[in-house]
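Peer 1: This structure is in structure tokens; I'll ask about it shortly.
The values are calculated or read from the model by the stated rules, or taken from the named source; none is laboratory data. Computed from a predicted model, the values in this text were never measured in an experiment. For neighbour counting, all protein chains shown are included, and Cβ atoms are generated from backbone atoms with ideal geometry for every residue, glycine included.
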Amino acid sequence: MCDLIHYRVEDGLALIGLNRAPVNALDQSLRAALINACERAAADITVGAIILYGAQGLFSAGADIKEFGTEACFAEPSLPGTLTRLSEIHKPLVAALGTLALGGGLELALACGYRIGEPGARMGLSEINLGLLPGAGGTQRLPRLIGAESALNLILSGEQIDAERARMLGILDRIATSAEQLLDEARAYAHELIDCGAPARPAEAWPNPAEDLPDDFLARYRVEHEPRWKSRLAPRLVLSALEAACLLPMEEGLVRELTLFKQAEASRQSRALRHVFFAEREARRIPQIEAAVALRKINKIAVIGAGTLGCGIAMNFADVGIPVALMDLDGRTLNRGLERVRENYQLSVKRGKLSAVQVQQRMELLFGTLDYADLSDADLVIEAVCEKMEIKQQVFLSLEKFCKPGVILATNTSSLDIDALAATVSRPQDVIGLHFFTPANVMRLVEIVRCQATAPDVVATAMDIAGRIGKLPVISGNGAGSIGNRMLEPYAREAHRLVLEGATPAQVDAVLTGLDLNMGVFSMLDLAGIDVSFLMREANRAAIAHDQSYCCLAEELYALGRYGQKSGRGFYLYEGRSRTEDKEIVTLAEQLARELNVTRRCIEDLEIHDRCLFTMINEGIRLLDEGIALRASDIDLVWINGYGFPAHLGGPMHYAEQLGLDTVLNRILHYRHVQGEYGEMWFRPAALLERLVAAGKCRIEKI
Ligand code: 3HC
């Protein structure tokens, strides 16, 4: 038998081990080997039952994602066909689930009559994260096993559940005593089944999956949840598949599921989400830094600055059991910060996400101090003080004085030159940028900013520690705004300018949220604080001085003390979190437009889309050309995870590729012509974009 499968017959049992590293992805070759092995066992009269297991422990992470979008995806034996055949074998099949069974991996287990899992096993139907629905029987077999409502929740959430929850739901029949015992206990289970003459498959637990639900359950579910799905296709297809499970016999339901699956697999949204899946894995690979580089030990952290950002950063480390010293020079700020952390945790208790004991444990890991001398044993220090070079330099000088050699000195700056900051200290090789996003305890993105002198082991350690606290680290070169904020600048600039020209903040925001962005640019600026973006512009004054219209509306709001949501007024008016339009903004825009000789007119939504998005994409392409961003896909990750760009559009670079690079270039050139002096100033196509279009390339890459 080929080595994709370990096959042996022992004591009346056929043991079939899946052996395709690293995750037993069920590609065509593994499917073929699996079905051969199962047919062989089915035909062997000495075999009474069959056990499927992961030869290296892990059961299976499902279909091979690399096959999607290619012919191999449905090449025979197809996954649905393989699992249907397995479900017809007249001997009991026992799936022994080690470590993980996801997507098609869990569907494989569902096609077996019986399932046992190791205590630490996790399982789920995670297809939705790839813009898919389970397409190998999952939408039909799971509802018949655990009922339509539980199945729907599991499929739509893509959640991974643990063995105990799987047993409670009825997915697992048994949990083995330990991972080491899994195979032995699966054997014992199989023998019991043979001994009692158990059928190849037990009777369906839920032959009518919706029997306890009101007739209009699915229709009401759709109405209730659709607003959250925005324009996502996959959740809607899941619902249709579940409908089929409730109304049709199994065979017809499977046919319907396959049709829906093919629709999802061929969709742009799924292609985009698959791009994101691989982009996340690619982002971990950094040229010139070998995977084997020795990491620095990080056992204790210090965070300087007990403001919102510093506290959020500190929580990330306490959450995973790493002690953190939170330092501030001001006692009141420090106390308020510690209090804020406790309140945040208490909120999690209220939501049932943490227990009071866990909060206590986390608070005990947080140590507040006013004294640099207390940071002498920290392995990594992250400064999160205000965005002013002199203040940050002062902090770095103090750190140099008090911290031990080899400590990693990280700055959270998003706009300042980190090379200049590193030059303040005598150990620039230990300096790096760690740019967290607010709220730092929630947002997944961390930009890791590598400076001229940053040592490779410091970069590798920073990537590693970010992963340890559950973040998605993306490498960036040093430059004002790194990747995300540098692209934010033209995006926000165009939004401001469009309001001067006649759009309203709500119109601009509606175009962007209409594209499924989490927030429009003005709501985002209000949330982040008009004062914060003012400070970022301050750091960049020289570069924008030639344009009088450049965010003059925001400058005016800053002067008026309208700092956004926190002060109750910004581009919108706020009562708590609820937002209304403010007519004064229009009056202000009219007045500023008059002063600057900007003609006001009716602005089409398409113009808003093109000007905000294409200037931002253009800047991203420039970042790639300059080497600040390593890959176009890294830029996508930054915008998806830091700025709420919809993952099902694949990020701005992927989105541009889908629209066509020539379209992006032509629209930029169009606005360059029609916008007169302003167009000449700001609508300059990136040289790389021009080169890519001239070379007929469809993908954004450095050429
Ligand atoms: N297909 C192909 N490759 C896969 C894969 C899959 N299903 N799952 C993981 N891999 C690859 C990764 O790309 C990575 O490759 P690389 O080393 O070349 O970058 C390698 O396996 C290891 O994966 P990770 O780096 O992600 O390792 P982790 O330990 O961090 O995570 C995991 C492991 C939890 C399995 C994670 O990889 C994961 O979530 N995988 C996707 C699971 C999934 O969504 N399955 C459903 C597929 S769709 C399906 O089954 C359709 C069916 O219904 C018809």
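Quick grid of which residues meet (1) within 16 Å of the ligand (Cβ to nearest atom); (2) touching a strand residue (DSSP E or B) at 6+ places or on another chain (Cβ under 6 Å); (3) touching a residue at least 60 places away in the same chain (Cβ under 8 Å):
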site	(1), (2), (3)
Ser126	yes, yes, yes
Asn129	yes, no, yes
Gly147	no, no, yes
Gly158	yes, no, no
Leu172	no, yes, yes
Leu182	no, yes, yes
Ala198	no, no, yes
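Peer 1: Scan region 528-542 for residues that are in a helix (DSSP H, G or I) and touching a residue at least 40 places away in the same chain (Cβ under 8 Å) and report the count.
Peer 2: Number of matching residues: 6.
Peer 1: Here is a check on your reading of the model: is Asn518 under 29 Å from the mean Cα position of the chain (by Cα) and under 19 Å from Thr413 (Cα atoms)?
Peer 2: no
Peer 1: Another question about this same structure. Just one of (1) within 26 Å of the chain's Cα centre (by Cα); (2) outside the structural domain of Glu447 (by TED's automatic domain parsing); (3) surrounded by fewer than 22 Cβ atoms within 10 Å (Cβ to Cβ) trips up Ala234, so point out which.
Peer 2: Here Ala234 clears every test but (3).
Peer 1: What number of residues within region 1-22 satisfy the criterion of being more than 16 Å from the ligand (Cβ to nearest atom) and modelled with pLDDT of 95 or more?
Peer 2: 13
Peer 1: May I ask you to list the residues in region 440-478 that are in a loop (DSSP other than H, G, I, E, B) and more than 15 Å from the chain's Cα centre (by Cα)?
Peer 2: Of everything in region 440-478, those that are in a loop (DSSP other than H, G, I, E, B) and more than 15 Å from the chain's Cα centre (by Cα) turn out to be Cys451, Gln452, Ala453, Thr454, Ala455, Asn478.
Peer 1: Can you give me the ranges of the helices (runs of 4 or more DSSP H) entirely in region 618-703 with at least 1 residues that are on the phi < 0 side of the Ramachandran plot and polar (S, T, N, Q)?
Peer 2: Counting at least 1 such residues, we get 632-643, 652-659, 661-674.
Peer 1: Residues Leu649, Leu637, Leu659: which one is surrounded by fewer than 21 Cβ atoms within 10 Å (Cβ to Cβ) and closer than 25 Å to Arg274 by Cβ?
Peer 2: Leu659
Peer 1: Search region 372-395 for residues that are at negative phi and pair each with any residue that is in a helix (DSSP H, G or I) and among the charged types (D, E, K, R) when their beta-carbon atoms are under 7 Å apart and the residues are at least 6 apart or on different chains.
Peer 2: Glu383/Lys392; Val385/Lys392
Peer 1: Then there is this: As an exercise: evaluate Thr82 against (1) of a type in the set (Ser, Thr, Tyr); (2) buried (at least 21 other Cβ atoms within 10 Å of the Cβ); (3) more than 12 Å from the ligand (Cβ to nearest atom) and give the number of the one condition it does not meet.
Peer 2: Going through (1) of a type in the set (Ser, Thr, Tyr); (2) buried (at least 21 other Cβ atoms within 10 Å of the Cβ); (3) more than 12 Å from the ligand (Cβ to nearest atom) one by one, Thr82 breaks only (3).
Peer 1: Please determine whether any residue of region 94-114 is in contact with a helix residue (DSSP H, G or I) (Cβ under 6 Å, 6 or more places away or on another chain), among the charged types (D, E, K, R), under 20 Å from Asp173 (Cβ atoms) and more than 10 Å from the ligand (Cβ to nearest atom).
Peer 2: No: zero hits.
Peer 1: Still on this structure, please answer the following. Regarding Asn36, is this residue closer than 23 Å to Thr99 by Cβ and either of a type in the set (Gly, Ala, Ser) or more than 9 Å from the ligand (Cβ to nearest atom) (or both)?
Peer 2: Here the answer is no, as Asn36 does not meet what is asked.
Peer 1: Can Glu164 be described as within 16 Å of the ligand (Cβ to nearest atom), of a type in the set (Asp, Glu) and touching a Pro at 6+ places or on another chain (Cβ under 9 Å)?
Peer 2: So Glu164 does not fit the description; no.
Peer 1: Since Ala410 meets every condition but one in (1) farther than 17 Å from Ile628 by Cα; (2) over 26 Å from the mean Cα position of the chain (by Cα), which condition does it not meet?
Peer 2: (2)
Peer 1: Can you tell me which residue within region 544-558, out of those that are in contact with a helix residue (DSSP H, G or I) (Cβ under 9 Å, 6 or more places away or on another chain) and more than 17 Å from Glu590 (Cα to Cα), is surrounded by the most Cβ atoms within 10 Å (Cβ to Cβ)?
Peer 2: Tyr558
Peer 1: OK, next. Under 27 Å from Cys386 (Cβ atoms) and touching a Lys or Arg at 6+ places or on another chain (Cβ under 9 Å): is that true of Gly568 in this structure?
Peer 2: yes
Peer 1: Also: Which of the residues that make up region 559-570 are at positive phi and surrounded by 12 or more Cβ atoms within 10 Å (Cβ to Cβ)?
Peer 2: Result: Gly564, Gly568.
Peer 1: Also: Can you give me the number of residues within region 259-288 that are closer than 24 Å to Leu445 by Cβ, surrounded by fewer than 16 Cβ atoms within 10 Å (Cβ to Cβ) and away from the ligand (no atom under 11 Å from the Cβ)?
Peer 2: 3
Peer 1: Take the conditions within 30 Å of Ile700 (Cα to Cα), surrounded by fewer than 20 Cβ atoms within 10 Å (Cβ to Cβ) and of a type outside the set (Asp, Glu) and apply them to Leu573. Does it pass?
Peer 2: The answer is no for Leu573.
Peer 1: Any residue in region 589-601 that is in the same structural domain as Arg497 (by TED's automatic domain parsing) sitting within a Cβ distance under 7 Å of a residue that is of a type in the set (Val, Ile, Thr)? List the pairs, counting only those 6 or more apart or interchain.
Peer 2: Pairs that qualify, where the first residue is in the same structural domain as Arg497 (by TED's automatic domain parsing) and the partner is of a type in the set (Val, Ile, Thr), are Ala589/Val499.
Peer 1: Within the group Ala75, Ala25, Ala42, which residue is over 28 Å from the mean Cα position of the chain (by Cα) and within 15 Å of the ligand (Cβ to nearest atom)?
Peer 2: The match here is Ala75.
Peer 1: Can Leu525 be described as in contact with a strand residue (DSSP E or B) (Cβ under 7 Å, 6 or more places away or on another chain), touching a residue at least 24 places away in the same chain (Cβ under 8 Å), part of a helix (DSSP H, G or I) and closer than 14 Å to Glu489 by Cα?
Peer 2: Answer is yes for this residue.
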